[in-house]
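Structure record follows, encoded as structure tokens.
What follows is calculated from the coordinates using simple rules that are stated; it is not laboratory data. Worth saying up front: this structure is predicted, and the values here are computed from it rather than measured. Because the Cβ atoms are built from the backbone with ideal geometry, glycine has one as well, and the counts that use them run over all protein chains shown.
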Ligand SMILES: Cc1cc2nc3c(=O)[nH]c(=O)nc-3n(C[C@H](O)[C@H](O)[C@H](O)COP(=O)(O)OP(=O)(O)OC[C@H]3O[C@@H](n4cnc5c(N)ncnc54)[C@H](O)[C@@H]3O)c2cc1C
């Protein structure tokens, strides 16, 4: 952060959802600030663009529960405010029912269950129906209405606001940030407009509907930053999601790639 001729100049590194949101907040909070975003990837080249954008605290590592819950609640309320406004469509926010199914014993309801407002445990009849479809015996499950923030719409929406604030963009790679550890994930985007609910199975496989496509996923490779799509990941995902939702057999693949989530 530097100050010159009375005006504050701030450089934000990264043009994913975190960098753009940070830059916009700075523009909104500080008068006459000049924000430059420096990144080597923008818009559709970022991980933020590829992610389905589901709201659900997930893969939390050692982050303390009270912080997870307060950040998760703030984020949910932020998306809800946009969802309830005329900006909902342009910003890529949608509201979707979500079901998480567990076949292993030891289920505990998540600590954030108070946030969505309609979280509930699934009934035995609901679990039985899903078990009959997939052939896997589910012993627990929950459902709630979530919000999606679709990166391919949300990033351009943030960028438009930033450009109108006079933000500058610089495409460059910083060498000192290269030594990052990441978690990769194989993602398949398919066209399947009949899927209008989100599903999780055993925190492993997921089916997440966005505006035009549905995101299918299921693998994470911690510490593995190889971004080449792998046949075994592809087969693993298809096997899991087809068991969960057989109707996906008629879906057409739109895009497929490995993404890296830097940590
Ligand atoms: C498979 C998968 C699915 C996911 N699904 C979801 C989901 O449904 N919901 C959810 O909330 N989260 C999801 N995530 C996580 C989510 O995508 C990330 O937490 C989020 O995109 C991180 O945003 P970011 O801005 O930090 O990073 P990114 O979007 O990766 O952006 C990083 C930015 O930093 C820049 N940068 C990095 N290093 C340098 C450098 N050395 N020099 C210059 N620029 C640099 C890049 O160019 C880029 O602009 C998923 C992640 C993966 C991998």
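In vacuum, with every alpha carbon of the range 1-89 counted as one equal point scatterer, what does the Debye formula give for log10 I(q)/I(0) at q = 0.18 Å⁻¹? Two decimals, please.
-1.05
Suppose each label sits 7 Å from its Cα in the direction of the beta carbon; what would the residue 113-residue 73 distance come out to in nanometres?
A separation of 1.7 nm, rounded to one decimal place.
Taking the chain as the reference, fit the longest principal axis to its C-alpha atoms, fit the long axis of helix 151-164 to the helix C-alpha atoms, and give the angle between the two in degrees, 0 to 90, nearest 10.
On a 0 to 90 degree scale, this one is about 20.
Please give the calculated 222 nm ellipticity per residue for the chain, where each DSSP H segment of at least 4 residues contributes -39500 (n - 2.57) and the sum is spread over every residue; nearest 500 deg cm²/dmol?
-9000 deg cm²/dmol
Please find the FRET efficiency linking residue 124 to residue 44, where r is the Cβ-Cβ separation and R0 is fixed at 41 Å, and quote it to the nearest 0.05.
Rounded to the nearest 0.05, the efficiency is 0.40.
For a Förster distance of 22 Å, can you work out the FRET efficiency between the beta-carbons of residue 170 and residue 29, rounded to the nearest 0.05?
That gives a FRET efficiency of 0.50.
Distance from a point 7 Å along Cα→Cβ of residue 80 to each backbone N in the range 104-122: keep the residues under 12 Å and list them by number.
114-119
Run the quick spin-label model on residue 131 and residue 88: label points 7 Å from Cα toward the beta carbon, then report their separation in nm to one decimal.
3.7 nm
In the chain, what % of DSSP beta bridges are antiparallel (nearest 5)? Please list the in-between numbers first.
Details: 41 of 54 bridges.
Bridges in the chain that DSSP calls antiparallel: roughly 75 percent.
Got the relative contact order for the chain handy, in percent, Cα pairs under 8 Å and 6 or more residues apart? Mind dumping the intermediate values first?
Numbers: 493 pairs, mean separation 56.5, N = 263.
Reported relative contact order: 21 percent.
Label the range 121-208 by shape, choosing from rounded, prolate and oblate, from the square roots a ≥ b ≥ c of the eigenvalues of the Cα gyration tensor; if a/c is under 1.5 it is rounded, and otherwise prolate applies when a/b is larger than b/c, oblate when it is not.
prolate
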